[in-house]
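Read the figures in this text as sums done on the coordinates, not as results from a lab. Predicted model only: the values in this text are computed from it and were never measured.
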Amino acid sequence: MDERQADPANRPESWADRVVADLDAQEGVDRALLHVLRNPPSLREETVGRMADAVRAAALGLGPAGCAVAAGISERLLCAWRAQDPSFAAAMAAANAMARAHAPDPGIPLNPTSLRVLLKAVRGGALLGPAAALVGMSERALYRLRRESPEVGALVAAARRARPKKADRRGKTRYEHHYRLLRVDDGSGFHTPAGSARQGRG
């Protein structure tokens, strides 16, 4: 890759647009690998994958709302999973304990996971205040970070440009729904509202 193309100081808008476009790259890789294995994803696998995303986000210090965005689900569904699945509830509790034990340096306001969550929320239609709250920041702190880091400012602007035309502008994060066929495993033990686990990781 041309180093000049990867450098955010060189044409920052183009660089930021590429980064925001790649926020869901991992899901694309997962779909490609499943295709290679000729194994259509099951509802159970989809659910477990999103649970793992939520646990990882919790281990990195995000609260329930931020974990839900990281997993591409609603906070209500996240709470339902915790209530229905003792193993998931225990994993989330352990991840929260890990985050408390390894609290980041107070001088570092964001990590890559929390920045990804913030950008996804903004891209989905959230205003900056609610988006910042998802990752434990105040709106004032986010504005200060954008002033101090032109790259963060460029990414936030790119996330705004990537919003769907009809995104809710009143502060509620609006997720895009990308439905695809999933294999339903009988007796999986998961009780997921219809369509919820099929929600795209937007």
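Does the range 28-164 come out rounded, prolate or oblate, given a ≥ b ≥ c as the square roots of the eigenvalues of its C-alpha gyration tensor, rounded meaning a/c under 1.5 and, failing that, prolate meaning a/b above b/c?
Oblate shape, in that a/c is at least 1.5 and b/c is the bigger or equal ratio.
Can you classify the range 74-120 as rounded, prolate or oblate using the Cα gyration tensor, where a ≥ b ≥ c are the square roots of its eigenvalues, rounded means a/c under 1.5, and otherwise it's prolate if a/b beats b/c and oblate if not?
It is oblate, given that a/c is not under 1.5 and a/b is not larger than b/c.
Per residue of the range 120-129, what does 6.51 cos²θ - 1.76 cosθ + 1.60 with θ = phi - 60° give for ³J(HN,Hα)? Whole Hz please, x for Gly and Pro, Karplus curve as stated.
Taking θ as phi minus 60°, the curve returns 5, 5, 5, 4, x, x, 6, 6, 5, x Hz for the range 120-129.
List every residue whose amide H lies under 5 Å from the amide H of S42, counting only residues 5 or more places away in sequence or on a different chain, with H placed 1.01 Å from N in the peptide plane.
Answer set, sorted by chain and number: R183.
For a test of the definition: using alpha carbon positions, the gyration tensor, and the 1.5 limit on a/c, classify the range 16-89 as rounded, prolate or oblate.
oblate
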